[in-house]
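Notes for the one structure printed next.
The values are calculated or read from the model by the stated rules, or taken from the named source; none is laboratory data. Computed from a predicted model, the values in this text were never measured in an experiment. Reconstructed Cβ throughout: ideal geometry from the backbone, glycine too, with neighbour counts over all protein chains shown.
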Amino acid sequence: MFENINISRGTVVSFADLAPKSIALDGYCQGPAVDVANEKLSFDHHDNCIRLFTRATCQQVMDALLLGLDPAGYTIYINDVDGDTSLAVWLLKNPSRVTEELVRQLVETVGAVDAHGPAYPTMEPKLADAFFQGVMKPVSDLQRAKKYGEADLEALLAVCVENIDALIAGTLAWTPRPEKDRTFEVTHTGNGWVMAGSEDFIFDLLYASGHTKAIAYQILGDGSIAYTVGKKSELVMGFPVGPHSQSGTILNALNEHEKGWGGGSTIGGAPRNADGSRSRLTPDEVFAIVEAIII
């Protein structure tokens, strides 16, 4: 496994509390930050930043490596396993390969999708599919089976990093995910926004249907609910998603009712608890809290 990676599901710490010689990835510390004297770095794009301009974690890591960062001797801290984090870890493990053309194409493709979501038209759709459907299949399979909360994140990260090796080497065996009828049900209609329930990721469908401000949710096997609060971009007005640290935002209001809600200016979500559970707020409760902010 990884000797210098600390994985703690859902943990968020302040940058001030991060130990010297540390690299925090994608939300472990909220906001991008650099402390040169203590050799502390936070590669984040959720809080204390402008989401429209702030690059995804893997892109920030690539830029740092290209500009002279030597990750040897650092401890890496993460609180979740997704595509952005997995690719950032791969880069930190393979800093000498950051100048390879395919590596840079992959980072720019994954970073754009992660930072801006399905609203962003990537220039490399086949590469994006190979990464998100091939490399990250172990994660998406667990999510679809509603077992991600029970997963061994260290083992899961190791598999994803190995898959990145195979993708770049041209040896990753994967089958494009068959198209299936994904559906959603709009359960609540607010002041210019909607809440929708589904069993799948649906923000691309919501955007295609003209819903640029939404909360999507899935009821998990343990009865908790995975909510995602999102809007198409920071250019969409009247739906102040976050950050959760800023008074007057949706994530801030939800965090006042249930600790652990987090995210940035265009996307965020429910707590990721150490036991794998998510929010205990009902859809009616979430709707009421958010509608009070919008009005």
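Figures for the structure shown
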read-out	value
Verdict on T212 being over 29 Å from L153 (Cβ atoms), surrounded by 13 or more Cβ atoms within 10 Å (Cβ to Cβ) and either in contact with an Asp or Glu (Cβ under 9 Å, 6 or more places away or on another chain) or not assigned by TED's automatic domain parsing to the domain that holds D152 (or both)	yes
Counted residues, region 66-86 - those being in contact with a Ser or Thr (Cβ under 9 Å, 6 or more places away or on another chain), assigned to a loop (DSSP other than H, G, I, E, B) and either buried (at least 21 other Cβ atoms within 10 Å of the Cβ) or of a type outside the set (S, T, Y) (or both)	1
Selection within region 208-226 - in contact with a Lys or Arg (Cβ under 8 Å, 6 or more places away or on another chain) and aliphatic (A, V, I, L, M)	A214, L220, I225, A226
Residue in region 89-99 that is touching a helix residue (DSSP H, G or I) at 6+ places or on another chain (Cβ under 9 Å), assigned to a loop (DSSP other than H, G, I, E, B) and among the β-branched types (V, I, T) present	yes
Given (1) out of contact with any strand residue (DSSP E or B) (no Cβ under 9 Å at 6 or more places or on another chain); (2) touching a residue at least 60 places away in the same chain (Cβ under 8 Å); (3) farther than 23 Å from G230 by Cα; (4) surrounded by fewer than 19 Cβ atoms within 10 Å (Cβ to Cβ), index of the condition E154 fails	(1)
Odd one out for D63 among (1) of a type in the set (D, E); (2) outside any loop (DSSP other than H, G, I, E, B); (3) surrounded by 20 or more Cβ atoms within 10 Å (Cβ to Cβ)	(3)
Unmet criterion (only one of (1) farther than 25 Å from V241 by Cβ; (2) surrounded by 19 or more Cβ atoms within 10 Å (Cβ to Cβ); (3) touching a helix residue (DSSP H, G or I) at 6+ places or on another chain (Cβ under 7 Å)) for M136	(1)
Qualifying positions in region 87-120 - aliphatic (A, V, I, L, M), buried (at least 19 other Cβ atoms within 10 Å of the Cβ) and modelled with pLDDT of 95 or more	L87, A88, V89, L91, L92, L106, V107, V110
Residue in region 92-109 that is closer than 18 Å to L156 by Cα and of a type outside the set (V, I, T) present	yes
Lone qualifier among Y207, Y217, Y227 - being of a type outside the set (A, V, I, L, M, F, W, C), modelled with pLDDT under 95 and either over 17 Å from the mean Cα position of the chain (by Cα) or buried (at least 18 other Cβ atoms within 10 Å of the Cβ) (or both)	Y207
Residue match in region 44-66 (condition: farther than 26 Å from H116 by Cα and in contact (Cβ under 8 Å) with a residue 40 or more places away in the chain)	no
Those strands (runs of 3 or more DSSP E) lying entirely in region 192-289 with at least 3 residues aliphatic (A, V, I, L, M) and over 21 Å from R55 (Cα atoms)	194-197, 213-219
